[in-house]
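**Student:** Here it is: the structure, laid out below.
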Amino acid sequence: MNATPSPNDLGTLAAPRTLAVTLGDPRGIGPEICIAAARAVRTTLPHLSLLMTGASGTGAESEADEFISVGEWRAGGDAMLAGRLAGLAIETATRLALEGRVRGIVTGPIDKAALNAGGYAYPGHTEMLAALSGVADVSMLMCAERTSLGGPLRVVLATTHVPLAAVPRLVSADLLIRQTQMLASALRTGWDIEHPVIALCALNPHASDGGLFGDEEARIFEPAIARLRSEGVDARGPYPADTVFLRAARREFDAVVAPYHDVGMAAFKTAAFGSGVNVTLGLPFVRTSPDHGTALDIAGRGVADAGSMIEAMELANRLVARSAAAASRP
């Protein structure tokens, strides 16, 4: 399904200082953390304008600088409607970004099953945004500048929302090269790291221990690293998963490329849950999101922590500014 609000409903925006914020699944904590985060950044980023898009009836309308309703939500609505409204909000925000009317998107959490039930056959935000933008290659970067381990932790997931059984056939030298190159470029432009050092996390236990537990490290990872280094990217490894993330958080590496979703996410959320941000690299606009889901079990109770949404808004603002500065350099 591709129904979206009419362009006549989009209002007048001040694009250079405007971010679109999607409320996410209206059954979850998305609307309430968007409200709390908007109140917080109004103090820290007084020149930032937030255009929110999503279901009306959640209360977020009052905190938006501008609000685009994609339909009405009433308590007790079903998952199919919630998913449809969440999907329409993403479509609307993406169109605004592609038109240049906002500089970036911050997305509230969605329920993937509800999204599919609502007519959007995507495994998650990352894949949906890539499809809507017509982009073939994107990277899912989990980023936390503060962690319980001390330093920052930045992790790209080379494969994202796929079954674990499919990972070995999907992890190729070409994939690792593309994902690492995209990460290196983002670290230079978005994080001002002139010469980023990037570690590749192994697929097998102990990085296969010289072939005892698999051959992917020798057959796929080592040629990929050699190619990256020949092209000027400081890629290192492959390192075992049980140590590489700690070494990165101790500032030995600027970022890590993880071969599959859970090996990267388990380490990342253990070190940074509630302060991390999901960044999609490779889109023609900035996109960030909090590092958690819809938390349906606590929605509406007033106990949801908006910390990650605040971080997502602040990081999106910084990335937009740095992208503009990079584009203006001769």
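The numbers here are math on the coordinates, done by the rules we state, and not lab data. Values in this document were obtained by computation on a predicted structure and should not be read as measured data. So basically every Cβ, Gly included, is an ideal-geometry build from the backbone, and we count neighbours across all protein chains shown.
**Student:** Work through the residues other than residue 306 whose Cβ is under 15 Å from its Cβ and net out their charges, Lys, Arg +1 and Asp, Glu -1. Working shown, then result.
**Tutor:** On the way: positive: 39, 42, 301; negative: 32, 63, 291, 305, 311, 314.
Neighbour charge sum, excluding residue 306 itself: -3.
**Student:** Here is a follow-up. Need the full-extension length gain, residue 243 to residue 99, defined as separation in residues times 0.36 nm minus the C-alpha distance. One decimal, nm. Please list the in-between numbers first.
**Tutor:** Working: separation 144, 0.36 × 144 = 51.84 nm, distance 4.35 nm.
Working it through step by step, the gained length comes to 47.5 nm.
**Student:** Still on this structure: Taking only C-alpha pairs under 8 Å that are 6+ residues apart, what is the relative contact order of the chain in percent? Intermediate results must be reported in sequence, preceding the final value.
**Tutor:** Values: 685 pairs, mean separation 72.9, N = 330.
For the chain, the relative contact order is 22 percent.
**Student:** Let me ask something additional. Between residue 72 and residue 148, what length comes free when the chain is fully extended (0.36 nm per residue of separation minus the Cα-Cα distance, one decimal in nm)?
**Tutor:** Numbers: separation 76, 0.36 × 76 = 27.36 nm, distance 4.03 nm.
That works out to 23.3 nm of additional length.
**Student:** For the stretch 64-86 and the stretch 225-277, write down the distance between their C-alpha centroids in whole Å.
**Tutor:** Their Cα centres are 37 Å away from one another.
**Student:** Calculate the FRET efficiency for residue 230 and residue 45 from the Cβ-Cβ distance with a Förster distance of 56 Å, rounded to the nearest 0.05. Walk me through the intermediate numbers first.
**Tutor:** Values: r = 42 Å, r/R0 = 0.74.
It comes to 0.85.
**Student:** Let me ask something else about it. Over the alpha-carbon set of the stretch 127-175, work out the extent along each principal axis and list the three values in angstrom, largest first.
**Tutor:** The Cα atoms of the stretch 127-175 stretch 35, 28, 20 Å along the principal axes, largest first.
**Student:** Express in nm, to one decimal, how much length is gained between residue 296 and residue 206 on full extension, taking 0.36 nm for each residue of separation and deducting their alpha carbon distance.
**Tutor:** Values: separation 90, 0.36 × 90 = 32.40 nm, distance 3.76 nm.
Here the segment from residue 296 to residue 206 would lengthen by 28.6 nm.
**Student:** Which value, in debye to the nearest 20, describes the size of the charge dipole of the chain about its Cα centre when Lys and Arg Cβ atoms bear +1, Asp and Glu Cβ atoms bear -1, and nothing else is charged?
**Tutor:** On the way: 28 positive and 34 negative charges, 109 e Å.
Charge dipole, the chain, about its Cα centre: 520 debye, nearest 20.
**Student:** Based on the mean of other beta carbon atoms within 10 Å per residue, what is the order of 25-37, 257-269, 155-167, most packed first?
**Tutor:** 25-37, 257-269, 155-167
**Student:** Return the calculated 222 nm mean residue ellipticity for the chain, to the nearest 500 deg cm²/dmol, obtained by summing -39500 (n - 2.57) across DSSP H runs with n ≥ 4 and dividing by the residue count.
**Tutor:** On the way: 10 runs with 124 residues, N = 330.
About -12000 deg cm²/dmol.
**Student:** Moving on to the next point. Kindly provide the Kirkwood hydrodynamic radius of the stretch 50-154 in Å, to one decimal, from all pairs of distinct alpha carbon atoms.
**Tutor:** Details: mean 1/r = 0.0658 Å⁻¹.
Roughly 15.2 Å, rounded to one decimal.
**Student:** Counting only C-alpha contacts under 8 Å and six or more residues apart, can you give the relative contact order of the stretch 32-94 as a whole percent? The partial results should precede the final answer.
**Tutor:** Values: 63 pairs, mean separation 18.9, N = 63.
Across the stretch 32-94, relative contact order equals 30 percent.
**Student:** To continue, here is another question. Would you mind getting me the FRET efficiency between residue 192 and residue 270? Use the beta-carbon distance for r and R0 = 41 Å, nearest 0.05.
**Tutor:** Values: r = 27 Å, r/R0 = 0.66.
Step by step, r from the Cβ atoms, then E = 0.90.
**Student:** Which net charge results for the neighbourhood of residue 243, defined as the other residues with beta-carbon distances under 11 angstrom from its beta-carbon, given Lys and Arg at +1 and Asp and Glu at -1? If you can, show how the numbers build up before the last one.
**Tutor:** Working: positive: 247, 250; negative: 242, 252.
Local net charge: 0.
**Student:** I need the Kirkwood Rh of the stretch 172-254: take the reciprocal of the average 1/r across all distinct C-alpha pairs and report it in angstrom.
**Tutor:** Working: mean 1/r = 0.0770 Å⁻¹.
Kirkwood hydrodynamic radius for the stretch 172-254: 13.0 Å.
**Student:** Roughly speaking, what % of Cα-Cα pairs in the chain are separated by over 29 Å, rounded to a whole number?
**Tutor:** Details: 19889 of 54285 pairs.
Distances greater than 29 Å cover 37 percent of the Cα pairs.
**Student:** Along each of its three principal axes, how wide is the spread of alpha-carbon positions in the stretch 137-281, in whole angstrom units, largest first?
**Tutor:** Cα extents, longest axis first: 36, 31, 26 Å.
**Student:** Moving on. Post the alpha-carbon centroid distance, the stretch 282-309 to the stretch 88-161, in whole angstrom.
**Tutor:** 12
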